[in-house]
Amino acid sequence: MPKDLKAKDLKYTKDDSFLEITWHDGHVSEYQIDFIVSSQHDRFLEKLEKDTTRTLWDVPTIEKNKSQLYFKLGDLSTSDAMVKDLMGSLYRYGLVFITDVPATTTMTEMAVRRVFPLMKTLYGEMFTFAQDYLHDDITYSHDYIGPHTDHTYFCDGAGLQALHCVLHTGEGGENFFIDGLQVAKELRRRNPKAFDILSTVHVPAEFFDKEECHRFSSPTIRVDPVTNEIVQFRLNLYDRSVFDTIPQTEMCGFYESMREFLSIVHEPQHWWQLKMNPGTVVIFDNWRLLHGRCAYTGQRAMTGCFVQRTDFLSKARLAGIIE
């Protein structure tokens, strides 16, 4: 495009709803006035302020609305409208449950594929983990696993995760979920400086074994620089790497901020705990919710998969849930 490009003539057409510009080289362009006005930055911010498609929750809120979270596989299989409702609830609350799913990896895959394409990771498209060692990962144990998000060591962590407990012969093993958006809102209110630290300090993470080596660093709370909205949580103390992204003089401030964030995470009103039984698949937002597991006894097997964030948002846009 030439540097000296200039408009030679302009006029309004079609009842003043369009602007027609004739450029100095003779090229003519036509622009819709409403589109130009609605595309301005201030209008964009106004839309965000009016956005009511997501509900931040604590335990009383999610218990009150949990009827909106459960969907039968048979209904999803025969109704596109039901699939849309599921995606709406998933975007609003960050998790949904599909019931009446036979307790096999194949049927779990079928249930998830009814809504989303699968993401291939180092575990493949579908995975099954028990207490038998397969990877250098605490998941393959009986131990308690604290609140975290998955894939902090990937450049682009999974947007959604699906889990299905297909076998458990013992006690314990309850899963818990925490709405990161609600916790971050509370942190921002109580300690804005701590929020700023956790949204700017890059925390290194890594995963490696004999066949894989992944490393990435990112803030614990990732904030959109344009909208100032929280877009992702990256928290996994089990995948932490050598912390060399800030000088030692700033370490105390970081750990004080992380301590306050985690103290809010562990407050009972944020901690929704439930037992996952064979037949029910949970799909949750890995960019929004923290999740974990209580210690357990006996034999236990979980099968599941991941979905890319971009595929989740694409489906939501096509369904008219978000713009």
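The values are calculated or read from the model by the stated rules, or taken from the named source; none is laboratory data. Just so it is clear, the structure is predicted and the values come from calculations on it, not from any experiment. Cβ: placed from backbone, ideal geometry, glycine included. Neighbour counts: every protein chain shown. Please note that ligands, DNA and RNA were not included when accessible areas were found on the heavy atoms of the full protein model with its side chains. Shrake-Rupley method; radii C 1.70, N 1.55, O 1.52, S 1.80 Å.
Picking from residues in region 150-174 that are under 15 Å from the mean Cα position of the chain (by Cα) and of a type in the set (S, T, N, Q), the one that is farthest from Asn236 (Cα to Cα) is Gln161.
Can you pull out every residue in region 218-242 that is touching a residue at least 24 places away in the same chain (Cβ under 8 Å), open to solvent by 40 Å² or more (accessible area, probe 1.4 Å) and either of a type outside the set (A, V, I, L, M, F, W, C) or closer than 21 Å to Glu260 by Cβ (or both)? Break it down stepwise before answering.
Taking region 218-242 first, the residues touching a residue at least 24 places away in the same chain (Cβ under 8 Å) are 218, 220-221, 223, 227, 229-242.
From what's left, open to solvent by 40 Å² or more (accessible area, probe 1.4 Å): 229, 231, 237-238, 240, 242.
Glu229, Leu237, Tyr238, Arg240 - these are the residues of region 218-242 that are touching a residue at least 24 places away in the same chain (Cβ under 8 Å), open to solvent by 40 Å² or more (accessible area, probe 1.4 Å) and either of a type outside the set (A, V, I, L, M, F, W, C) or closer than 21 Å to Glu260 by Cβ (or both).
Just checking, does region 279-299 include any residue being of a type in the set (Val, Ile, Thr) and at pLDDT below 95? Walk me through how you get there before you give the answer.
Residues of region 279-299 that are of a type in the set (Val, Ile, Thr), as a first pass: 280-283, 297.
Adding the requirement that they be at pLDDT below 95 leaves 297.
Scanning region 279-299 turns up at least one residue that is of a type in the set (Val, Ile, Thr) and at pLDDT below 95.
Counting only residues that are in contact with a helix residue (DSSP H, G or I) (Cβ under 9 Å, 6 or more places away or on another chain) and not polar (S, T, N, Q), region 3-43 holds 6 of them. Ser67 meets the conditions (1) open to solvent by 20 Å² or more (accessible area, probe 1.4 Å); (2) touching a Ser or Thr at 6+ places or on another chain (Cβ under 9 Å); (3) at pLDDT 95 or above; (4) among the polar types (S, T, N, Q) in every case but one. The failed one is (2).
Go through the residues of region 218-234 one by one and say whether even a single one is touching a Pro at 6+ places or on another chain (Cβ under 8 Å) and of a type in the set (A, V, I, L, M, F, W, C). The answer is no; no qualifying residue exists.
If only residues of region 246-261 that are hydrophobic (A, V, I, L, M, F, W, C) and crowded, with 18+ Cβ neighbours inside 10 Å are counted, the one that is farthest from Asp58 (Cα to Cα) is Phe254. The set of residues in region 150-191 being among the charged types (D, E, K, R) and either out of contact with any Lys or Arg (no Cβ under 9 Å at 6 or more places or on another chain) or open to solvent by 10 Å² or more (accessible area, probe 1.4 Å) (or both) consists of Asp150, Asp156, Glu171, Glu174, Lys185, Glu186, Arg188, Arg189, Arg190. For Ile197, state whether it is over 25 Å from Met251 (Cα atoms), in contact with a helix residue (DSSP H, G or I) (Cβ under 9 Å, 6 or more places away or on another chain) and β-branched (Val, Ile, Thr). No: the conditions fail for Ile197. Restricting region 37-58 to residues that are among the basic types (Lys, Arg) and either in contact with a strand residue (DSSP E or B) (Cβ under 6 Å, 6 or more places away or on another chain) or part of a loop (DSSP other than H, G, I, E, B) (or both) leaves a set whose member that is surrounded by the most Cβ atoms within 10 Å (Cβ to Cβ) is Arg54. Across region 313-323, the number of residues qualifying as outside any loop (DSSP other than H, G, I, E, B) and either charged (D, E, K, R) or open to solvent by less than 10 Å² (accessible area, probe 1.4 Å) (or both) comes to 3.
Matching residues to (1) open to solvent by 60 Å² or more (accessible area, probe 1.4 Å); (2) on the phi < 0 side of the Ramachandran plot; (3) part of a strand (DSSP E or B):
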| residue | (1), (2), (3) |
| --- | --- |
| Lys3 | yes, yes, no |
| Asp9 | yes, yes, yes |
| Tyr12 | yes, yes, yes |
| Asp15 | yes, no, no |
| Leu19 | no, yes, yes |
| Thr22 | no, yes, yes |
| Phe35 | yes, yes, no |
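Of everything in region 59-81 that is outside any loop (DSSP other than H, G, I, E, B) and of a type in the set (Ser, Thr, Tyr), the residue that is farthest from the chain's Cα centre (by Cα) is Thr78. The residues of region 232-252 that are part of a helix (DSSP H, G or I) and closer than 27 Å to Ile178 by Cα, listed by number, are Leu237, Tyr238, Asp239, Met251, Cys252.
Residues being among the basic types (Lys, Arg) and open to solvent by less than 10 Å² (accessible area, probe 1.4 Å): count how many of those fall in region 262-292.
Residues of region 262-292 among the basic types (Lys, Arg): 275, 288.
Now restrict to residues that are open to solvent by less than 10 Å² (accessible area, probe 1.4 Å): 288.
So the answer is 1.
Within region 192-214, the set of residues being open to solvent by 60 Å² or more (accessible area, probe 1.4 Å), at pLDDT below 95 and not aromatic (Phe, Trp, Tyr) comprises Lys210, Glu211, Cys213.
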